Amino acid sequence: MRAMLIAVFALLSISAFAERDGNLMLPYCTAAVSRGDGAKLDEAQLSHATTCIAYVGGFLDALDAMTVISPKATGVFCSPVPPSNLPAEQVARIFVKYLRAHPERLHDRAGDLLIFSLVDAFPCTK
């Protein structure tokens, strides 16, 4: 039964991702941070947390793929490790911190906000 509920929530989450923005991602990634902190989550929160970590992980993998194609592609932020080696939970924390600090941008696309959060967390020195 629990697996079926998680599957239903996951399917609902996928349809909601047609319009990914900060308003959608903030509660999803807040759930991921809570889970990382050891909070007990209900099925909906667990689904949200899993969706956030999957989104962040896929985003980081895409950044790595872009680096292979063009080494300067991810030169807008300077993390100490390649993007795919950043723990998705850590990036979710960075993302939540950025979204909370910039509520006026919650209507912006999630991918844009995620890259802005990484630029903010890992600025490049010139």
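The values are calculated or read from the model by the stated rules, or taken from the named source; none is laboratory data. Just so you know, these numbers come straight off a predicted model, no measurement behind them. Heads up, the Cβs are rebuilt from the backbone with ideal geometry, glycines too, and the neighbour counts pull from every protein chain shown.
Here are the numbers for this structure:
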{"quantity": "Residue in region 72-99 that is modelled with the lowest pLDDT, counting only those that are loosely packed, with under 12 Cβ neighbours inside 10 Å and out of contact with any Cys (no Cβ under 9 Å at 6 or more places or on another chain)", "calculated": "Lys72"}
{"quantity": "From the options Ser47, Ser84, residue that is under 19 Å from Ala32 (Cα atoms), without any contact (Cβ under 8 Å) to a residue 40 or more places away in the chain and among the polar types (S, T, N, Q)", "calculated": "Ser84"}
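Okay, residues lined up against (1) more than 11 Å from the chain's Cα centre (by Cα); (2) surrounded by 16 or more Cβ atoms within 10 Å (Cβ to Cβ); (3) among the acidic types (Asp, Glu):
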| site | (1), (2), (3) |
| --- | --- |
| Tyr28 | no, yes, no |
| Arg35 | yes, yes, no |
| Ala49 | no, yes, no |
| Tyr55 | no, yes, no |
| Gly58 | no, no, no |
| Ala62 | yes, no, no |
| Pro103 | yes, no, no |
| Gly111 | no, no, no |
